[in-house]
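Report on the following structure.
Read the figures in this text as sums done on the coordinates, not as results from a lab. Bear in mind the structure is a predicted one, so any value in this text is a computation, not a measurement. Cβ sites come from the backbone with ideal geometry, for glycine too, and all protein chains shown count toward neighbours.
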Amino acid sequence: MYSEKVMEHFRNPRNVGEMENPDGVGKVGNPVCGDIMELSIKVADGVITDAKFRTFGCGAAIATSSMVTELVKGKTIEEAVRISNKAVAEALGGLPPIKMHCSVLAEQALRSAIQDYQERRKKEGEEQPAAAKSSQED
Ligand code: FES
């Protein structure tokens, strides 16, 4: 029922593991099946330079996490945010309809990692002017 590509990414997933000092982390779960996906990104000058994932879930969840980490590398944040679960499934040569929800988990994990990255940046931006000001006063 799975395409060759899905099986290949399931057997040999890319970019598995924990990332040191990530710029954004997204963790999502599907309450129905209980599967969990964590995706970390590294960003330099608005471009995603690295992505890693850890997934506790079905074969399709592992294959879609693997594929989404491959798809985002080299993309700008603006481009990455537009990657849909359909695009991930298509890049895998399609998914059986009952497994499409697994690709939704990959899309949500990516969006959540990007959101985390943006929130961290916003926080840094808020902290920096204050830091610059205090150094000027010194
Ligand atoms: S069955 Fe839960 S993500 Fe696939």
Next item on the list: With runs of 4+ DSSP H residues as the only contributors, calculate the mean residue ellipticity of the chain at 222 nm using -39,500 (n - 2.57) per run, divided by the residue total and rounded to the nearest 500.
Entry: -16500 deg cm²/dmol
Next item on the list: Starting from the Cα-Cα distance between residue 16 and residue 47, subtract it from 0.36 nm times their residue separation and give me the gain in nm to one decimal.
Entry: 9.2 nm
Item checked: Full-extension gain in nm, residue 79 to residue 127, via 0.36 nm per residue minus C-alpha separation -> 14.6 nm
Notebook entry, point to check: Hey, what do the phi angles of the stretch 28-41 turn into as Karplus ³J(HN,Hα) couplings, whole Hz, using 6.51/-1.76/1.60 and θ = phi - 60°, x for Gly and Pro?
Noted result: 9, x, 9, x, 6, 9, x, 6, 10, 9, 10, 10, 10, 10
Item checked: Inter-label distance for residue 119 and residue 7, nm, one decimal - labels placed 7 Å from Cα along Cα-to-Cβ -> 4.1
Next item on the list: Identify all lysines with a Cα-Cα distance to residue 86 below 19 Å; exclude those on the same chain that are fewer than 8 residues away in sequence.
Entry: 5, 73, 75, 99
Next item on the list: Using only Cα atoms, tell me the angle between helix 100-137 and the longest principal axis of the chain; keep it within 0 to 90° and round to the nearest 10.
Entry: 10
Next item on the list: Compute the Kirkwood hydrodynamic radius of the stretch 4-121, taking the inverse of the mean of 1/r over all pairs of distinct Cα atoms, and give it in Å to one decimal.
Entry: 13.7
Next item on the list: Compute the relative contact order of the chain as a whole-number percentage, counting only Cα pairs closer than 8 Å that sit 6 or more residues apart in sequence.
Entry: 29
Next item on the list: Rounded to whole Hz and in sequence order, give me ³J(HN,Hα) for the stretch 52-58 from the Karplus expression 6.51 cos²θ - 1.76 cosθ + 1.60, θ = phi - 60°, writing x for Gly and Pro.
Entry: 9, 9, 9, 10, 10, x, 6
Check: Using +1 on the beta carbon of Lys and Arg, -1 on that of Asp and Glu, and nothing else charged, what's the dipole of the chain about the Cα centre, debye to 20?
Finding: 520
Next item on the list: In whole angstrom, note down how far apart the Cα centers of the stretch 8-80 and the stretch 94-117 are.
Entry: 9
Item checked: ³J(HN,Hα), Karplus 6.51/-1.76/1.60, whole Hz, each residue of the stretch 65-82, x for Gly, Pro -> 5, 4, 5, 5, 5, 6, 5, 7, 4, x, 8, 6, 4, 4, 6, 5, 5, 8
